[in-house]
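Q: A single structure is presented below for examination.
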Amino acid sequence: MRRGNWKIRIFIGLAIVAFAFVQRCSNKEANPYTGRVQNINMTSEQEIAIGLQSTPQIAQQYGGLYPDERLQAFVDAVGNKLVQNSIARETPYQYDFHLLADDRTINAFALPGGQIFITYALFSKLNEAQLAGVLGHEIGHVIGRHSAERIAEGNFWKTISMGAQVGADAGNIVGNIGQNTLLKNGRQDELESDDLGVLFMIRSHYPPNEMIRVMEILKEAGGPNRVPEFQSTHPDPDNRIEKIKKAIQKYQGG
């Protein structure tokens, strides 16, 4: 009887795993803006809705919005300039730029669908061109649909983990594999966004070498021991500078 139960568990587990792979294959689609084939299981409308719903909570976590309308207008102007001079204007996304009040956390990030954030702590260290580099990078995340891709990958690995738990009690092992895969994909997302950010800067007539200076500022912000929040979610700045230099040469024809 026990052997029969074990066989049933294996069969169910394999069926769950097979379903996850079939679903993943059916979710494959080419990103119309980057050309990259991705695992996506939501529409752009759903991405926009997720971003809009999450914005108030995210802003609250960083002390709300920075209470200076003049500085917020400046961030909006730079961000909108990048959108209007790039492929971003052809996307269905709603781009909103938020200057957060947090004056201690060095960070910038994007939610699905076009909600983009930068903390005052980072903003205060940047000139206009460097701000354009940061915002261009975050616009790249939106166009690259990186959050949607990570959500789909997360759902895939959750299903695989469930199948492994049912079939062989190996859910933790599979879960760790999934986490490592997501981390690796996340780093590739950052490099793709750096590449797009350089392109958007050039199209908006900002000197792209300022993106390299942004990396140096982020490295300096970490100091000898402290790792800024930006580096906990992004690859080390040193690892990105060479790629940025190559992107500048590529887009400037050098």
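The values are calculated or read from the model by the stated rules, or taken from the named source; none is laboratory data. This is a predicted model, so every value here is computed, not measured. Counting neighbours? That spans all protein chains shown, and the Cβs are built from the backbone with ideal geometry, glycine included.
Q: Condition first: in contact with a helix residue (DSSP H, G or I) (Cβ under 6 Å, 6 or more places away or on another chain) and surrounded by 18 or more Cβ atoms within 10 Å (Cβ to Cβ). Now tell me which residues in the stretch 205-221 satisfy that.
A: Selection gives TYR206, PRO208, GLU210, MET211, ILE212, VAL214, MET215, LEU218.
Q: Can you tell me which condition GLU29 does not meet? The list is (1) of a type in the set (D, E, K, R); (2) at pLDDT below 90; (3) assigned to a helix (DSSP H, G or I), and all the others hold.
A: Only one criterion is unmet by GLU29, namely (3).
Q: Please work out which residue is farthest from ASP103 (Cα to Cα), limiting yourself to the stretch 177-235 and to residues that are at pLDDT below 80 and among the small types (Gly, Ala, Ser).
A: Step by step, filter the stretch 177-235, then rank; the result is GLY178.
Q: If GLU45 satisfies every condition in (1) within 21 Å of the chain's Cα centre (by Cα); (2) surrounded by fewer than 16 Cβ atoms within 10 Å (Cβ to Cβ); (3) closer than 26 Å to LYS125 by Cβ but one, which is the exception?
A: With (1) within 21 Å of the chain's Cα centre (by Cα); (2) surrounded by fewer than 16 Cβ atoms within 10 Å (Cβ to Cβ); (3) closer than 26 Å to LYS125 by Cβ applied to GLU45, the lone miss is (3).
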